[in-house]
Number of protein chains: 2
Amino acid sequence: MSCDPFHRHDHAACHDRTLAAVDALCAERGLQFTPTRREVLDLLLRAPKALGAYDILAQLAGDGAKAPPVAYRALDFLVSNGFAHRLEKLNAYVACAHPGDAHLPAFLICRACDRVAEADAPRPLNKAAREQGFTIEGVVMEAVGLCPACADAAE
Amino acid sequence: MSCDPFHRHDHAACHDRTLAAVDALCAERGLQFTPTRREVLDLLLRAPKALGAYDILAQLAGDGAKAPPVAYRALDFLVSNGFAHRLEKLNAYVACAHPGDAHLPAFLICRACDRVAEADAPRPLNKAAREQGFTIEGVVMEAVGLCPACADAAE
DNA sequence: TTGCGGTTGATATGATATAACATTGCGGGT
DNA sequence: ACCCGCAATGTTATATCATATCAACCGCAA
């Protein structure tokens, strides 16, 4: 079901399934899944790793050079609707592995191959926040390390 | 013991205690706690919120204008020795609340007043990482929300 | 003295992100 | 058909964050 970039799998299927899911969600919610937005999500899904806004911009250039806001606006749309996530540690973006599912995203980032896996995680800060009277609205959880393949290669 | 920026406390004591602790740790470890490095930590400790590298640079300017690498080098020293932390979500830095203690830092960031508290957190990604064969080397955990005072004010 | 490692100073540039404003295209009301 | 409003897009300029590079300095030990 879920896409695990650290292991071999039929990624074309993940790509197609996710795009179809986002198509359906946008139709359902009355969101405009415009060509630029679709193309950006497509690029994120095809890339083996997280893409920076300017990487995306460069790949959109087939249609002629675009200015930075083009990429940032499409990314804002995708992120704010839960179709993509921003990685704060990398200043980069990945397609969401479970669009439509409510989830608290967490990420495993391989520092060697730059691949990123989206993981399920508990809500570890709830206790600390409660003790301090802090109201949590959003959480960033990103682990950096080595994926299985790169750890093997490093031995 | 610990410094809680969301509540009234004698922060001058936190400031002095932390600087003294870092002095001692540097002596013990043979690290050069030079005037610039000390001044940057001092600024971080005095500030009510996280400071960007250029904020620090501007405040160092008493000694005459400095170039960006001056701030980044001092911050690298402080962060890599555990005397300060970088907040990925803000591209900014805070003094460590427990220098010398081994700890996995997590942060509560108030989006209204920009104050930041350092919290203790469990290691929520260990299970997910183990399942994927991923080796964790470092973790970013940052929660954004409202501190008690700002939540009260917002009602 | 000489050389070495670590720190600092300074210039330039690279990388990421947003402000501000003009323009287009589309649906609804008249 | 016309106008209007709204969302999306295009474009220029600029703000913000970060690093590469090389020169100068300083304490220290061979």
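The values are calculated or read from the model by the stated rules, or taken from the named source; none is laboratory data. As the structure is a computational prediction, the values presented were derived from the model and not from experiment. Using ideal geometry, Cβ is built from the backbone for each residue, glycine included, and neighbour counts are taken over all protein chains shown. Heavy atoms of the whole protein, side chains included, go into the accessibility calculation; ligands, DNA and RNA do not. Shrake-Rupley method; radii C 1.70, N 1.55, O 1.52, S 1.80 Å.
Run through the DSSP bridge list for region A:39-155 and note the antiparallel percent, rounded to the nearest 5. Each step should come with its number before you reach the end.
Numbers: 10 of 14 bridges.
Around 70 percent of the beta bridges assigned by DSSP in region A:39-155 are antiparallel ones.
Total Å² of accessible surface buried at the A-B contact, 1.4 Å probe, nearest 100? Provide the component values of the computation, followed by the final result.
Details: alone 9230 and 9240 Å², together 15610 Å².
Heavy-atom accessible area buried at this interface is about 2900 Å².
Out of A:D114, A:D101, A:D42, any idea which swings most in a Gaussian network model of chain A, alpha carbons joined below 10 Å?
It is A:D101.
Which value, in Å² rounded to 10, gives the accessible area of B:C14 with a 1.4 Å probe and all protein chains present?
About 10 Å², ignoring ligands and nucleic acids.
Compute the distribution of all C-alpha to C-alpha distances in the protein assembly as shown, in bins of 20 Å from 0, and list the percent of pairs in each, rounded to whole numbers.
P(r) over the protein assembly as shown, rounded to whole percents: 28, 55, 17, 0.
Return the single residue from A:E131, A:E142, A:E88 with maximal mean-square fluctuation; model: Gaussian network over chain A, springs between Cα atoms under 10 Å.
Judging by the Gaussian network model, the answer is A:E131.
Determine the relative contact order of region A:11-154: mean sequence separation of Cα pairs under 8 Å and six or more apart, normalised by residue count, in whole percent.
Working: 167 pairs, mean separation 28.5, N = 144.
Rounded, it is 20 percent for region A:11-154.
Per-residue HN-Hα couplings for region B:7-22, Karplus 6.51 cos²θ - 1.76 cosθ + 1.60 at θ = phi - 60°, whole Hz, x for Gly and Pro?
Going residue by residue, I get 10, 5, 6, 7, 6, 4, 5, 4, 4, 5, 4, 5, 4, 5, 5, 5 Hz, with x marking Gly and Pro.
Given a 1.4 Å probe and every protein chain left where it sits, what share in percent of the accessible area of the protein assembly as shown is carbon and sulfur?
Carbon-and-sulfur percentage of accessible area, whole number: 51.
If all Cα-Cα distances of chain A are sorted into 10 Å bins from 0 onward, what percent lands in each bin, rounded to whole numbers?
All Cα pairs considered, the percentages come to 10, 36, 35, 15, 3, 0.
Of the candidates B:A71, B:A24, B:A129, which one comes out as most mobile in a Gaussian network treatment of chain B with C-alpha springs shorter than 10 Å?
Among B:A71, B:A24, B:A129, the largest mean-square fluctuation in the Gaussian network model of chain B belongs to B:A129.
Averaged across A:118-126, how many Cβ atoms of other chains sit within 10 Å of each residue's Cβ atom? Mind dumping the intermediate values first?
Working: counts 1, 8, 5, 7, 5, 2, 12, 12, 2.
Average neighbour count from other chains, rounded to a whole number: 6.
Modelled label-to-label distance, A:V144 and A:R123, 7 Å Cα→beta-carbon offset: nm?
2.8 nm
For chain A, what is the calculated [θ] at 222 nm in deg cm²/dmol (nearest 500), taking -39500 (n - 2.57) for each run of four or more DSSP H residues and dividing by its residue count?
Numbers: 6 runs with 65 residues, N = 155.
Computed ellipticity for chain A at 222 nm equals -12500 deg cm²/dmol.
Excluding ligands and nucleic acids, what accessible area in Å² is computed for A:H9 using a 1.4 Å probe, to the nearest 10?
Probe radius 1.4 Å; accessible area of A:H9 about 80 Å².
For label points placed 7 Å from Cα toward Cβ, what is the shortest-first list of nm distances from B:D152 to its copies?
Relative to the other copies, B:D152 has label-point distances of 5.7 nm.
For label points placed 7 Å from Cα toward Cβ, what is the shortest-first list of nm distances from B:D114 to its copies?
Once sorted, the set of distances for B:D114 reads 3.2 nm.
Over 29 Å between Cα atoms, which of B:K49/B:K127; A:K49/B:K66; B:K89/B:K127 qualify? Please report the intermediate quantities before stating the final value.
Values: B:K49/B:K127 33 Å; A:K49/B:K66 37 Å; B:K89/B:K127 24 Å.
Pairs exceeding the cut-off: B:K49/B:K127; A:K49/B:K66.
Can you give the average number of partner chain beta-carbon atoms within 10 Å of each beta-carbon in peptide B:74-85, as a whole number?
Working: counts 0, 0, 0, 0, 0, 0, 0, 0, 0, 0, 0, 0.
Mean partner-chain Cβ count within 10 Å for B:74-85: 0.
What does the extension gain come out to for A:A112 and A:A12, with contour length at 0.36 nm per residue minus their alpha carbon separation?
Values: separation 100, 0.36 × 100 = 36.00 nm, distance 2.35 nm.
Stretched fully, the A:A112-A:A12 segment lengthens by 33.6 nm.
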